[in-house]
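Let me begin by presenting the structure, written as structure tokens, before commenting on it.
Please treat every number below as a calculation from the coordinates, not as lab data. Values in this document were obtained by computation on a predicted structure and should not be read as measured data. A quick note on method: Cβ atoms are made from the backbone with ideal geometry, for glycine too, and the neighbour counts reach across all protein chains shown.
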Amino acid sequence: MIIVKELCKQFHNNMVLKGIDEHIERGEKVVIVGPSGSGKSTFLRCLNMLEVPTSGEIWFEGKLLTAPDTDIDKVRQKMGMVFQQFNLFPHKTVGQNIMLAPLKLGLMTEEEAQERAESLLKRIGLSDKIDSYPSQLSGGQQQRVAIVRALAMNPDVMLFDEPTSALDPEMVGEVLDFMHALADEGMTMVVVTHEMGFAKEVATRCLFMDEGKILEQAPPKEFFGSPKNARLQDFLSKVL
Ligand code: ADP
Ligand code: MG
């Protein structure tokens, strides 16, 4: 589904991604961990071209995203993204937030978008919040709405950048549980997180990033049970 070839990203003279090669298959749940500043967010943002790579190639479903003639807005419809800060539009209701993109892009009629919003909100138990504003919701509720807003577009892959890092601890579980359910349904997911329990339970593959490189990758059992790279061993000794 996603192929990354020799991806490099430089900000001014700071080389943040130093040659990343990666394949992500349909249905995989890839969890990325690593120290702060190692390039995890930049990597995720390069996957849907929120950051333009300095060099290298990103392929998604057979399309070369880094080609100048690629219609990136069209591609992004199939790549949902969820950020640490929930990024809901504060002046729009929950329902409007969910319906906005499908309507704006002409993918659904008003009625279809309304129905889709209702069924997505039902799924997360927030049917009664459709006319509420984001500020009237808890952080956990806002983040679950942000996830269903991305799902409204029927994406083929969901990218998550530390989706629970800004939440009060008691709200982390409801967001992780929802992500777990999505994973069980077969959604392809790439998740940057510090939640090692989630990585162990849900990941099909864990990647360790440090200083702009992927230093190790393995299924979680191996990744956590017998890490080979010394920097990963050190990292795990601090976070586990
Ligand atoms: P992580 O998500 O692993 O914490 P990031 O990808 O956010 O790491 O950042 C990696 C490095 O890239 C950091 O040194 C950060 O300061 C730098 N960086 C990220 N985004 C930008 C930007 N838009 N402009 C300049 N430097 C950036
Ligand atoms: Mg980050």
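A compact table of results
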{"item": "Centroid-to-centroid separation of region 149-197 and region 49-128 [C-alpha atoms, Å]", "result": "15"}
{"item": "Exposure rule at most 12 other beta-carbon atoms within 10 Å, DSSP loop GluC sites (Glu not before Pro): the chain longest free segment", "result": "26-184"}
{"item": "In sequence order, calculated HN-Hα J values of region 195-203 (Karplus, 6.51, -1.76, 1.60; Hz; x Gly/Pro)", "result": "7, 5, x, 4, 4, 5, 7, 9, 5"}
{"item": "Cβ-based charge dipole, the chain, positive-most Cα from Phe198, Leu17, Gln77", "result": "Leu17"}
{"item": "Karplus-derived 3J(HN,Hα), 6.51/-1.76/1.60, for each residue of region 204-218, Hz, glycine and proline x", "result": "8, 8, 10, 10, 10, 9, 8, 6, x, 9, 8, 8, 7, 8, 6"}
{"item": "Longest to shortest principal axis, alpha-carbon extents of region 1-134, angstrom", "result": "47, 33, 30"}
{"item": "Global form of region 95-240, assessed from the alpha-carbon gyration tensor, a/c cut-off 1.5", "result": "prolate"}
{"item": "Value in Å of the Kirkwood radius, where region 189-237 supplies the Cα pairs that are averaged", "result": "10.9"}
{"item": "Derived scalar couplings ³J(HN,Hα) [region 85-94; Karplus, 6.51 cos²θ - 1.76 cosθ + 1.60; whole Hz; x for Gly, Pro]", "result": "7, 4, 6, 6, 6, x, 8, 10, 5, 4"}
{"item": "Per-residue Cβ neighbour rank within 10 angstrom, fewest leading, Arg26, Arg231, Arg116, Arg144", "result": "Arg26, Arg231, Arg116, Arg144"}
